[in-house]
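Shown next, in structure tokens, is the structure this report addresses.
The values are calculated or read from the model by the stated rules, or taken from the named source; none is laboratory data. Keep in mind that this is a model prediction, so the values were computed, not measured. All Cβ positions, glycine included, derive from the backbone under ideal geometry; neighbour counts span all protein chains shown.
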Amino acid sequence: MSDENTHDNDQWWLAALPRMIVWSRLRVLDSGVAEVFDCDGRVNIYESEDVARAALMDAEFRALDGMDAEDAEAWGLDLEELEPPRGEDDEELRERMVQPVKNPLTGRD
């Protein structure tokens, strides 16, 4: 399988939990069907991008591309340090979909 992160229509979403970030990847197919790859490695299928976005928002995820520095700060995050996970395939990517957040006092995880 090729690098799953190179699709132009991929959108990254994140949720902040205490001391960790959880990522989800929203991918809209040419057919209009949307797939959400979650931190457990599941691909959830939705009939449209709007339905997938609503499901992500219901689960308290935020779109990375719609987040500004103030939004990130409200979650205790630094927008400049937020970078979606990468992997050669979905299995490798799954292992990186949950990331620890650095302690602002120590700079460590």
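Screening ALA54 against (1) at pLDDT 95 or above; (2) assigned to a loop (DSSP other than H, G, I, E, B); (3) exposed (fewer than 13 other Cβ atoms within 10 Å of the Cβ) leaves a single unmet condition, (2).
Scanning segment 70-92 for residues that are out of contact with any strand residue (DSSP E or B) (no Cβ under 8 Å at 6 or more places or on another chain), among the acidic types (Asp, Glu) and part of a helix (DSSP H, G or I) gives GLU70, GLU73, GLU80, GLU81, GLU91, GLU92. Condition first: surrounded by 13 or more Cβ atoms within 10 Å (Cβ to Cβ), assigned to a helix (DSSP H, G or I) and at pLDDT 95 or above. Can you find one or more residues in segment 15-31 that meet it? For segment 15-31, residues surrounded by 13 or more Cβ atoms within 10 Å (Cβ to Cβ), assigned to a helix (DSSP H, G or I) and at pLDDT 95 or above: absent.
All of ASP30, ASP40, ASP89 fail the test of being charged (D, E, K, R), within 14 Å of the chain's Cα centre (by Cα) and more than 14 Å from TRP13 (Cα to Cα), apart from ASP40. Can you find a residue that is among the β-branched types (Val, Ile, Thr) and either in contact with a Pro (Cβ under 8 Å, 6 or more places away or on another chain) or not in a loop (DSSP other than H, G, I, E, B) (or both) anywhere in segment 100-108? Within segment 100-108, none of the residues are among the β-branched types (Val, Ile, Thr) and either in contact with a Pro (Cβ under 8 Å, 6 or more places away or on another chain) or not in a loop (DSSP other than H, G, I, E, B) (or both).
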